[in-house]
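Encoded as structure tokens, the structure appears first; notes follow it.
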Amino acid sequence: MGAADPGVERENESENREEDVTMDAAQVNDIEKGKVGVNEGEQGSQPNSQNDDFHFSRLQRLNPTNPLRLVMNGAFRAPRAPRASRAPAPVPAPAPAPAPPPPPPLSIPTPQQSLTTLNSRAYTNRISLFLFLLHMIVAIGLVGFLIFKGIQGLLNSGATQRKEKRVLQYFLPQIEAASFLSITVAFLWQKALRDWPRFMVHFILWSCFLMSLAAGILLFCFQKPTTDVVGVAFIAFSIGNGLYACWVTNRIKFCTKLMVKSLEPVSKFPDLNQPTYWMLGVGFIWMSIWILAVVGALNFYFPPLIIIALLLSLLWTTEVMRNVVNLTVSRVIALYYLRGVQSTTQFCFQRALSRNLGSACLGSLFVPAIEALRIIARGLNLLEGEDEFMFSCAHCCLRVMQSVFRHGNGWAFVQIAAYGKGFVKASQDTWALFERQEMEAIVDSDITSSICFLAGVCSGSICVILVAAWTASLHKGFTATVSVLAFFIGYLMTRIAMALPHACVSCYYVCYAEHPENRLFDKTIPDRLNLIKLGRDMVATTPRVPHRFNQ
């Protein structure tokens, strides 16, 4: 038996090794199925534990990079069901759970993206904003310095003191009166245009003609060289205004109809005119201080150049004020058309003064120049003839106009206010919308901007008539200068007030081009487009390139 013992021991040892290998393989299968938990390691030292728990200590001694250890670590993180419920029944239960999530991603991103876009927090055209703020710092410093020079001239005895006293006596009261008159007339224009648009469109066209003609004749009657030059300019403008009024007669009906429709949402926002009040108040204060700086410029070097610089600064500043009102009203009305939201005017006003102010500054520089080029292009379109040189000039100018209208136009303020785009990007996208809806002919022939412009000219002419007659009775030498300044003050104040109806009409055009199926829009624009396509309605569009150059 002693000889048999070694064989029996080797046989038992080989059986133990085979049993160990079998248990190891079973343990690997349990790990891959996720049947090994954290608690099993704690039970490995108990005497009555199962074989797989007994051999679990071997797996703990494996190298961390061993595949068995990696699988085991993965099993530790996976949730483990109780040992009594190892049946595959609970496994398919969570399978249907991932099925419901796919539908929400299809519907959620679109509105979320639009809301993010409509509430863009980026500042637009930052370079223009920086330049305008720098300009305002320089302008405020220059105005303060010139006011100091004016006070210094009043305190020093001599010719300068007498000159400045004469200016303050015969110059300043008329300008302040022109400012008060311009604010009053500006509100009257806006209120009347909102309440009686059908009548006021005709009235503005012909009253501007009469008032500018009357102002020119009055200045011409003073028989002074300076007043004659200013009077001739007014008379020439009145003649052009009369011709324009006759030319756009066939467009007045559509203009009034669209204006009536576009002004309907204004009644839903009682505080929509508050930004206009604020801008007119700030404009009046700034102009009053600005006039004092003009008086002080008489006591400094190169008075004409300084006064011209002050005038250019005033034009840019008041144009920015007008476009701030434009952006505020555009956002309120655009959100109403695009989302059916009645937004807060105060929030939109704060947004226009902060995030979109750079676009207002850039547009204030280019939009007036673009409108001037538009008038020139339409004038060149009337030069029909056989003069090749004239046609060449028209060809060049109209090519420039085509590029300018695509990269910068007054319609861009709607998308700037609604989506927070830059001025150039908004101009391109807006014009692309018009081209997609084939609305170029309609927007080119729109006379709303012309009506607002002529309302400003009419207010300026009224101020000139009052101030010129007043100044001529006191000091004829100041008549021409006071008349020009009064005209600019009356024009600029009225333009700020007329930004509200202009913005409403612009929003109607742009929002219709973006969503023509919106129930808030009627058939005014589609009917007009159908008449144009059928040849039953002719529009005088902004000219592009003469047909002879397209051949």
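The Cα-based radius of gyration and maximum Cα-Cα distance (Dmax) for region 245-354 are 19.3, 57 Å.
Quick one: work out Rg over Rh on the C-alpha atoms of region 185-267, Rh as Kirkwood radius. Could the numbers behind the result be given before it?
On the way: Rg = 16.0 Å, Rh = 14.3 Å.
Rg/Rh for region 185-267 comes to 1.12.
Full-extension gain between residue 130 and residue 166, please, as 0.36 nm times their residue separation minus the C-alpha to C-alpha distance. Mind showing how you got there, number by number?
Working: separation 36, 0.36 × 36 = 12.96 nm, distance 3.93 nm.
That pair, residue 130 and residue 166, stretches by 9.0 nm at full extension.
With each label modelled as a point 7 angstrom along the Cα→C-beta vector, the residue 253-residue 474 pair spans 5.0 nm. Each residue of region 352-362 was assigned a 3J(HN,Hα) from its phi angle through the Karplus expression (A = 6.51, B = -1.76, C = 1.60, θ = phi - 60°), giving 5, 7, 10, 6, 9, 5, x, 5, 5, 5, 5 Hz with x at Gly and Pro.
Cross-link pairs exceeding 23 Å between alpha carbons, from the set 149/476; 163/224; 257/421: 149/476; 257/421.
Between the C-alpha center of region 449-465 and that of region 191-205 there is a gap of 14 Å.
Here region 212-306 is treated as an ellipsoid with the same Cα gyration tensor; its semi-axes, largest first and in whole Å, are 36, 28, 9. Residue 134 contributes an accessible area of around 80 Å² to the protein surface, as traced by a 1.4 Å probe with all chains present.
When nucleic acids and ligands are ignored and a 1.4 Å probe is applied, residue 407 ends up with an accessible area of around 80 Å².
Computed from label points 7 Å out along Cα-Cβ, the spacing between residue 518 and residue 400 is 3.6 nm.
Distant-in-sequence amide contacts of residue 445, defined by a placed amide H-H separation under 5 Å and a gap of 5 or more residues or a different chain, comprise 542. Report the far tail of the P(r) of region 492-537, meaning the percent of Cα-Cα pairs longer than 16 Å. Of the Cα pairs, 53 percent sit more than 16 Å apart. For residue 435, the solvent-accessible surface computed with a 1.4 Å probe is close to 70 Å², ligands and nucleic acids excluded.
Inter-part distance, region 124-185 to region 297-333, computed on C-alpha centroids, equals 12 Å.
The values are calculated or read from the model by the stated rules, or taken from the named source; none is laboratory data. Bear in mind the structure is a predicted one, so any value in this text is a computation, not a measurement. Positions of Cβ are backbone-derived with ideal geometry, glycine not excepted, and every protein chain shown enters the neighbour counts. These accessible areas exclude ligands, DNA and RNA; they are computed on the full protein's heavy atoms, side chains included. Shrake-Rupley method; radii C 1.70, N 1.55, O 1.52, S 1.80 Å.
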